[in-house]
1. Going by the structure shown, is Ile113 farther than 20 Å from Lys28 by Cα and modelled with pLDDT of 75 or more?
2. Condition first: closer than 30 Å to Met119 by Cα and touching an Asp or Glu at 6+ places or on another chain (Cβ under 7 Å). Now tell me which residues in region 157-211 satisfy that.
3. From the residues in region 143-200 that are of a type in the set (A, V, I, L, M) and in a loop (DSSP other than H, G, I, E, B), which one is most open to solvent (accessible area, probe 1.4 Å)?
4. When region 260-275 is examined, which residues are found to be under 9 Å from Thr99 (Cβ atoms) and touching a Leu at 6+ places or on another chain (Cβ under 7 Å)?
5. Among the listed residues Phe258, Phe277, Phe252, Phe268, identify the single one that is buried (at least 18 other Cβ atoms within 10 Å of the Cβ) and modelled with pLDDT under 75.
6. Confirm whether Val211 is modelled with pLDDT under 75, on the phi < 0 side of the Ramachandran plot, in contact with a Lys or Arg (Cβ under 9 Å, 6 or more places away or on another chain) and not acidic (Asp, Glu).
Amino acid sequence: MWKVVLKRFLVMIPQLFILSVLVFGLAKLMPGDPFSGLAENPKISQEQIEAIRQASGFYEPWYQQYLYWLNNFIHGDFGLSYTTGKSVGTLLGERIFNTFNLSLFTAVIMYAIAIPMGMYAGRYNGSKFDKFVNFYNFFFLAIPSFVLYLFMIALFGFGLGWFPTSGSVDVNLDPGTFTYYIDKLQHLVLPGICLALLSTVSTVQYLRNEVIDAKQSDYVKTARSKGVPVKKVYSGHIFRNSILPIAAFFGFSITGLFSGGIFVETIFGYPGMGQLFYQSIQDRDYSVVTTLMLFSGFLTLLGSTLSDIIMAIVDPRIKLD
């Protein structure tokens, strides 16, 4: 098994190379250049900006610029954010744990809602609860995400005042204290629940349909004919086979903990990776944009590899070549 896992990770190397070329090419096609944002700083003259262009090799052929950029990236030098003056690595370090906390909280809530709902709706399909689940899926599939976010902010943030509406923690609190961590959790609840409600739709629908199909399977009929209790049939037979489609996406769920959500983080003013990406595009901060694009692409490739490996472990019928 370890040989297969090693092989799958080795395959990622040429994929990452192709991804880096695409990201660099897209960055070159963007209007302006990596130093255009400096023109908005009144303390920096055009002569200084031109000197920075010369020193960075901006006028060199594109392939030399790419090799220089790739070499720095491999050695952990992601460049400098010309908007904030900080290194890109520092900016990522400031944001990545906020995104991880939000995404982890979202994943826990999502699976806590989706798995019981999908199992129960599939077991009692056609019941009033099943009809409620269908309405739930249609509603959250149809509603635009930003409408839900704004409604939740207006109701629970400004209306009832239950949760904060921006930031990740109160800046006046001392880090490491119990109150500090409680406040961070309060800042997670509202955006996390919104993301979870929208993310449950596909999981609930997949699981419900799989349970309904599994109830008609021969192995279930055989188990029932042998007198196996209904509870054990569902927990030991139907659930184990119905969970396979969810396991197929579990690798993406793991890597998605670090990618963040642009809409939810921007609307809620949550300082994570998604908000940083949006701000970087607005400010034309090329170093940050290219790093985040490459990081997101790497997570996608890693998620695909992990999903294949997880499926092979969960379902022995699947062979990884």
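The values are calculated or read from the model by the stated rules, or taken from the named source; none is laboratory data. Since we're looking at a predicted model, the values are computed, not measured. Methodologically, a virtual Cβ is constructed for each residue, glycine included, from the backbone with ideal geometry; neighbour enumeration extends over all protein chains shown. In case anyone asks, the SASA skips ligands and DNA or RNA and just uses the protein heavy atoms, side chains included. Shrake-Rupley method; radii C 1.70, N 1.55, O 1.52, S 1.80 Å.
1. yes
2. none
3. Val171
4. Gly261, Tyr270, Gly272, Met273 - these are the residues of region 260-275 that are under 9 Å from Thr99 (Cβ atoms) and touching a Leu at 6+ places or on another chain (Cβ under 7 Å).
5. Answer to the check: Phe258.
6. no
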